[in-house]
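A short worksheet on the structure shown next.
Any read-out appearing in this document is the output of simple, stated calculations on the displayed coordinates, not a laboratory observation. Here the structure is a predicted model, which means the values were calculated and not measured. Cβ placement follows ideal geometry from the backbone for every residue including glycine, while neighbour counts extend to all protein chains displayed.
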Amino acid sequence: MILVAMSGGVDSSVTGALLKRDGHEIVGLFMRNGATAGTAAKANKQGCCSLEDSNDARFVAAQLGARFYVLNFAQDFERVIEYFVSEYKRGRTPNPCAVCNTDLKFGKLLEYARMVGAEKVATGHYARVQQRDGRWRLLRGVDAAKDQSYYLFGLKQEQLAHALFPLGELTKPQVRGLAGEFGLKTRDKPESMEICFVPEGDYRAVVAKHDPDALKPGPVVSTSGETLGEHGGVAGFTVGQRRGLGIAAPKPWYVVRLEPETNTVVVGDESELAISTITASNVNWIGVEGLATGQTLRATVKVRYRHDGAPATLTGQEGGVRIDFDEPIKGASPGQCAVFYSGDEVLGGGWID
């Protein structure tokens, strides 16, 4: 038996259909996060976990002749939201999808799978898992535009051993085509590009609701110390941000640093975003055992989901790794993930300090 995480979208629907076609007994499960039960769901907004999504997932499960359950993950998602708000308040940029994958989809959901006798948990992620040389390997999905291995770097060996990604060898157009062949209700459903508990796309509103003190006004200063204006709260900004700074100037300014201890947003020229070295902590190793202090490893490192990756040398240090890029990069924001690749294989990853 395979437990399929069904979100009500085309990807998870095709995941279930492929497994059913291949002769597996499947059970569909919808994770209700409790965060979109209000206005967004009533307005029929496209999120992922709304009432509409739940109904679509239930319908597809019925089409496939699969049992279907809805689990209330509201309390668990509340902890993800607390992490999300706390990181912004600390001047960091959170990555709730990576946390959700590790702690919920292959954490709580895997626990539930074992309770009902399921051997695997399948999701609609565009990634691949292989077993080689005594280790479970995480690989990029073949569709480079859809690859989601970046968000899965936190999975442990035990989790990867029970993970299935049937879409990893497919492209998005192929998945849409299969949805049509299977006659699935979700075949033409648009994709959600939003964080599931931010259905309106306004993360500042989520921060303000959960911690109003995180959005206190403070100064916007240049890297040379000149006061340029006032901001509405450090939690409303991320490193690298250019728009919405509220500064009238003849040249563009970029957020180069956030200082929550003084409630200051520091801006500078685009060139000041370039850095050659970062550190990452809470590293999870997948493709290798790890790095001892002082030990080095060459890898391609992605510092955000849409980053192409850059060649770098990793050096083991107490509590994590130091990452020295061959050439300066831009867009590395504290709180985001640094994921290490060797070709298509994920070697591991950690959280940017």
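Quick look at the numbers
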quantity: Sites matching trypsin sites (Lys or Arg not before Pro) across the stretch 219-264 that sit in DSSP coil, with at most 11 neighbouring C-beta atoms within 10 Å; calculated: Arg243
quantity: Residue-averaged [θ]222 nm for the chain, counting only DSSP H segments that reach four residues, each worth -39500 (n - 2.57); calculated: -6500 deg cm²/dmol
quantity: Where Rh is the Kirkwood radius over Cα pairs, Rg/Rh for the chain; calculated: 0.99
quantity: Under 5 Å, built H, 5+ apart or other chain: amide partners of Val70; calculated: Phe30
quantity: Candidate lysines for bridging to Lys330, where Cα separation is under 27 Å - those fewer than 8 sequence places away on the same chain excluded; calculated: Lys89, Lys146, Lys251, Lys302
quantity: Cα long-axis angle, helix 74-89 against the chain (0 to 90 degrees, to the nearest 10); calculated: 20 degrees
quantity: Loop-resident sites, the stretch 105-197, for trypsin sites (Lys or Arg not before Pro), counting at most 14 other Cβ within 10 Å (DSSP); calculated: Lys156
quantity: Charge context of Ala113, other residues only, Cβ under 11 angstrom, K/R +1, D/E -1; calculated: +2
quantity: GluC sites (Glu not before Pro) restricted to DSSP loop in the stretch 211-316 with at most 16 other C-beta within 10 Å; calculated: Glu226, Glu261, Glu289
quantity: Degrees separating the helix 51-63 axis from the principal Cα axis of the chain, which is the longest one; calculated: 30 degrees
